[in-house]
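Heads up: the structure comes next, in structure tokens.
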Amino acid sequence: MKDGQPSAIYLKDYQVPAFLIDKTELTFDLDESVTIVTSRLHMRRNPKSKFRTAPLVLDGGEDVKLIALAMDDYQLPPEEYRLRNHQIIITATADEFVLTCETLIEPQNNTRLEGLYRSSSMFCTQCEAEGFRHITYYLDRPDVMSVFTTTIIADGDKYPVLLSNGNEVSRSLNEEGKTVAVWHDPFPKPAYLFALVAGNLEVIEDQFTTLSNRAVTLKIFTESHNIDKVDYSMDALKRSMKWDEEKYGREYDLDIFMIVAVDDFNMGAMENKGLNVFNSSCLLASPKTTTDDGYQRVEAVVAHEYFHNWSGNRVTCRDWFQLSLKEGFTVFRDQQFSADMNSPVVKRVEDVSFLKTAQFAEDAGPMSHPVRPSSFIEISNFYTLTIYEKGSEIVRMIHTLLGEDSFRKGSDLYFERHDGQAVTCDDFVQAMQDASGIDLSQFKRWYSQAGTPRVEAVGSYDEVTKTYQLTLTQATPPTANQPTKLPLLMPIRVGLLDENGKALTSELNGKNDTSHVLTLNLSEQVFEFKQVDTAPIPSLLRGFSAPVKLSYDYTVEQLSILMSSDEDGFNRWNAAQELAVRELNTLISQARRGEVLSIESQLLLGFKALLDDQSLDKSMVSLILSLPSQAYLSEISEEVDPQAIKQARTYLKQLIARALEQEFANCYEANNVDVDYSPDAQQISQRQLKNAALSYWSETNSVAAERAVLSQFQSADNMTDQFSALSIAVNTTHPEFQSMLDSFYSQWSHEALVVNKWLMLIAAQEADNGLEQVKQLMQHDAFDLKNPNKVRAVLGGLGSSVSTFHNETGAGYAFLADQIIVLNKRNPQLASRLCTPLTRWRKMKPNLSVLMQKQLERILSEELSKDVFEVVSKSLA
Ligand code: ARG
Ligand code: ZN
């Protein structure tokens, strides 16, 4: 960083806004060269502010040119205001006035994709968190809520579709022949929920009748070549609307709900009031171009953004430190929805596996922060796994502690009490406490303490009294700026099994059951289970009832019993992972010592039983069969040796594949059935198991397996099967893999989202000339530095390749750093996210660690955006 370093802002400095904006009237004169924005802000001093004479300070951006400024129609001459650090400061104002402001912006040159920008042929916006200030000067903070009226003026031939929030109130032609569309949103909202779209778009339309019998028009817009891929989204939207009514009593509130797909988007999607804007990767789906995972992602994101209408829009955040108030709660809601639409236990395993891999790593790294951070330099850096996923786990714990009914009473109270307000995480917890009568004061520490708590469990059984004592201790490791931690309150769901895996009933706190929820809130605590017939095997943290690292000294036999018989499906998976982790750790140590790898795998018997049992849920079987990922094994390593981890995983997978070759071949054949594609849970699980079996079977490099891969690739009528076959071919260096890659590209070169999968697969492959290939990809016609999906495909892919990225020459790290430096200027948000793999440098084995550190230092010596500066400087601190 060259001159003046950006500084942090703090939660403790929060003040209510000195001014309010009751009404916001915006006019956009859209044009390919310059766009003129005129705002009329009906402002007054905030009676709740203690600063009665505070100056008016409006936020802007370096890309916003001020043309004119007037107060109550009096043009302010330059000496009556100041422009400093992209802010307008007006010292003397009346108590109530209308501020008129004219600004010039160039959306076509906006590469940050914040504010108003162009994506292919359309204009669109992204205003969360602080994008609105790149459109015009404003009080750009979520606790300033205003009623918006938006006028869009544009060439009606090029931009027949002109959209903003709320309802369209008029549409006409002006004297120049341009179209003038006026939209009005009756619900007061912060500027981050503002949206505008203009383009030549196609639409599909549907209807939803709400609980109270109001008809809502639903519209989904895309460019014409994608309009055949939004039927599934429409279906998911209607199911989400119904589910939110049934599960939470939440009804939609406007007459129209619109979604628009755009190709260039920094994140997944945005919940703008009445006008959601989606990254096309989270909205478009068709059997031939979209995998099952893709379908489930579309379903989840459509639901997530829709659910924000209540958890986010009707009740919003007071300030950005409270981001998890809306995100954690809404992720919890979308997880519940997906669980209800598909299989709850499968969904839980997927979510927890992701949390334990990625969020735990974040919480142990230099960007570790509490779910409610106490400071930040750039808020865009805090759209994190901690805010979203750990935030959701906190809400889930409240749900577990209160139970379904009290939780619903709590959410009803929260929505009723705070409708139309901008509130805090404390307000959410308070509503839950008031509705349930359960004291959550200690529980609130979850919001302010960073780091993943460790819980240790030790059990002892007394034959004579038939009592089982379980001692739990908890501790949270120190994290940046938080050296000491207090004990947390957490629900630990526990069951007991006998040595044959049968569930044991026990008595705890006067309740007889096979499953109990313990409330752990001290650093050490003893729980006594009575009437336990025999020495039990404890099944701990069922359903992953708290986001912690739990340890218990199981024997291999005990883990095998849990894996095959625990009544808690989640813990069956977890026991299998634990078994695999142990074996992989042994192999990793051997690899690090340069020894020949060898192990007698205890997994074989359990896996064989799984494959032989036709009655089990096929998704669960494939999840249990999949070995812990490279990323998860890195997360749990003291010191990460990527090469050793890769070697160990490959060795164990091949060993299992050879030992169970016939079982995998049979499982593949049995599940390779011809059906008309549908993304339903039953079909998805069958494809998942079939492809898991094919992946193992292919590790034997048998001719039969190779033939199966090629034939599936060529004859598949859906992307799940075609892309699975292609990935397997690439990962096992199938003799035909190169020609398969080529034919895949020529088949799909016209489908951007499919091409992105192809880019990622090539960038992620383990090859000696991997970096060369990545460089070529970035020169390929299919690549575009402006498009975040493509950048993420190639550079994200690169980051997951051991031989290319973690190359011992350091060339992979240097290449990523080069790209970060280029993108830092064009798109800071994207650049900052690409830093993540480098921020893990302290945990890497020494030679790699030094190489990564050098690249971070090189980046830091550049003139940096706030986004990249924050991540890189914190990583090196
Ligand atoms: N609120 C959006 C979502 O649900 C994400 C916001 C995008 N933010 C951004 N800085 N681009 O999940
Ligand atoms: Zn969200």
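Below are the figures for this structure:
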{"quantity": "Failed criterion for residue 336 (all others in (1) of a type outside the set (A, V, I, L, M, F, W, C); (2) without any contact (Cβ under 8 Å) to a residue 24 or more places away in the chain; (3) within 16 Å of ligand 2 (Cβ to nearest atom) hold)", "calculated": "(2)"}
{"quantity": "Selection count, the stretch 293-313, where residues are more than 14 Å from ligand 2 (Cβ to nearest atom) and either assigned by TED's automatic domain parsing to the domain that holds residue 680 or not charged (D, E, K, R) (or both)", "calculated": "4"}
{"quantity": "Unique residue being under 20 Å from residue 379 (Cβ atoms) and modelled with pLDDT of 95 or more when the list is 72, 63", "calculated": "63"}
{"quantity": "Filtered residue count, the stretch 316-348, keeping only those that are crowded, with 23+ Cβ neighbours inside 10 Å and over 16 Å from the mean Cα position of the chain (by Cα)", "calculated": "5"}
{"quantity": "Filter result for residue 258 (part of a strand (DSSP E or B) and buried (at least 16 other Cβ atoms within 10 Å of the Cβ))", "calculated": "yes"}
{"quantity": "Residues of the stretch 428-477 satisfying the condition of being surrounded by 15 or more Cβ atoms within 10 Å (Cβ to Cβ) and β-branched (Val, Ile, Thr)", "calculated": "429, 438, 452, 455, 467, 473, 476"}
{"quantity": "All positions within the stretch 298-325 that are near ligand 1 (Cβ under 10 Å from one of its atoms), under 21 Å from residue 186 (Cβ atoms) and outside any loop (DSSP other than H, G, I, E, B)", "calculated": "305, 307"}
{"quantity": "Tally of residues being without any contact (Cβ under 8 Å) to a residue 12 or more places away in the chain and of a type in the set (A, V, I, L, M, F, W, C) across the stretch 808-859", "calculated": "1"}
{"quantity": "Qualifying positions in the stretch 101-159 - more than 13 Å from ligand 1 (Cβ to nearest atom), within 19 Å of residue 279 (Cβ to Cβ) and of a type in the set (Val, Ile, Thr)", "calculated": "111"}
{"quantity": "Residue in the stretch 352-363 that is farther than 23 Å from residue 430 by Cα and in contact with a Gly (Cβ under 6 Å, 6 or more places away or on another chain) present", "calculated": "yes"}
{"quantity": "Any hit, the stretch 281-292, residues being farther than 25 Å from residue 423 by Cα, away from ligand 2 (no atom under 16 Å from the Cβ) and acidic (Asp, Glu)", "calculated": "yes"}
{"quantity": "Residues of the stretch 275-297 satisfying the condition of being within 15 Å of ligand 1 (Cβ to nearest atom) and assigned to a loop (DSSP other than H, G, I, E, B)", "calculated": "283"}
{"quantity": "Hits in the stretch 1-55 (condition: of a type in the set (Lys, Arg) and assigned to a loop (DSSP other than H, G, I, E, B))", "calculated": "2, 48, 50, 52"}
{"quantity": "Among (1) away from ligand 1 (no atom under 14 Å from the Cβ); (2) out of contact with any Leu (no Cβ under 6 Å at 6 or more places or on another chain); (3) not in a helix (DSSP H, G or I), the one test that residue 265 misses", "calculated": "(1)"}
{"quantity": "Among the residues listed as 380, 353, 375, the single one being over 18 Å from residue 454 (Cα atoms) and either away from ligand 2 (no atom under 16 Å from the Cβ) or not assigned by TED's automatic domain parsing to the domain that holds residue 428 (or both)", "calculated": "375"}
{"quantity": "Hits in the stretch 108-123 (condition: within 22 Å of the chain's Cα centre (by Cα) and either within 16 Å of ligand 2 (Cβ to nearest atom) or within 16 Å of residue 150 (Cα to Cα) (or both))", "calculated": "115"}
{"quantity": "Of residues in the stretch 350-385 being among the β-branched types (Val, Ile, Thr) and buried (at least 22 other Cβ atoms within 10 Å of the Cβ), the one farthest from the chain's Cα centre (by Cα)", "calculated": "371"}
{"quantity": "Any chance residue 422 is surrounded by 16 or more Cβ atoms within 10 Å (Cβ to Cβ), within 16 Å of ligand 1 (Cβ to nearest atom) and farther than 25 Å from residue 515 by Cβ", "calculated": "yes"}
{"quantity": "Selection within the stretch 383-410 - more than 16 Å from ligand 2 (Cβ to nearest atom) and of a type in the set (Ser, Thr, Tyr)", "calculated": "400, 406"}
{"quantity": "Test: residue in the stretch 473-480 that is of a type outside the set (A, V, I, L, M, F, W, C), touching a helix residue (DSSP H, G or I) at 6+ places or on another chain (Cβ under 9 Å) and within 24 Å of residue 349 (Cα to Cα)", "calculated": "no"}
{"quantity": "Qualifying residue in the stretch 503-516 (condition: in contact with a helix residue (DSSP H, G or I) (Cβ under 8 Å, 6 or more places away or on another chain) and surrounded by 14 or more Cβ atoms within 10 Å (Cβ to Cβ))", "calculated": "yes"}
{"quantity": "Unique residue being basic (Lys, Arg), within 29 Å of residue 677 (Cβ to Cβ), more than 14 Å from ligand 2 (Cβ to nearest atom) and modelled with pLDDT of 95 or more when the list is 318, 239, 250", "calculated": "239"}
{"quantity": "Residue 272 being crowded, with 22+ Cβ neighbours inside 10 Å and either over 25 Å from residue 378 (Cα atoms) or within 13 Å of ligand 2 (Cβ to nearest atom) (or both)", "calculated": "yes"}
{"quantity": "Looking only at the stretch 64-115, and only at residues there that are in a strand (DSSP E or B) and among the hydroxyl-bearing types (Ser, Thr, Tyr), the one that is farthest from residue 25 (Cα to Cα)", "calculated": "74"}
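Each row is one residue, and each column tells you yes or no for (1) surrounded by fewer than 21 Cβ atoms within 10 Å (Cβ to Cβ); (2) touching a strand residue (DSSP E or B) at 6+ places or on another chain (Cβ under 8 Å); (3) part of a loop (DSSP other than H, G, I, E, B).
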{"position": "125", "(1), (2), (3)": "no, yes, no"}
{"position": "142", "(1), (2), (3)": "no, yes, yes"}
{"position": "150", "(1), (2), (3)": "no, yes, no"}
{"position": "159", "(1), (2), (3)": "no, yes, yes"}
{"position": "176", "(1), (2), (3)": "yes, no, yes"}
{"position": "180", "(1), (2), (3)": "yes, yes, no"}
{"position": "185", "(1), (2), (3)": "no, yes, no"}
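The values are calculated or read from the model by the stated rules, or taken from the named source; none is laboratory data. Quantities reported herein were computed from a predicted structural model and do not represent experimental measurements. Neighbour counts are summed over all protein chains in view; Cβ atoms, including those assigned to glycine, are modelled from backbone coordinates with ideal geometry.
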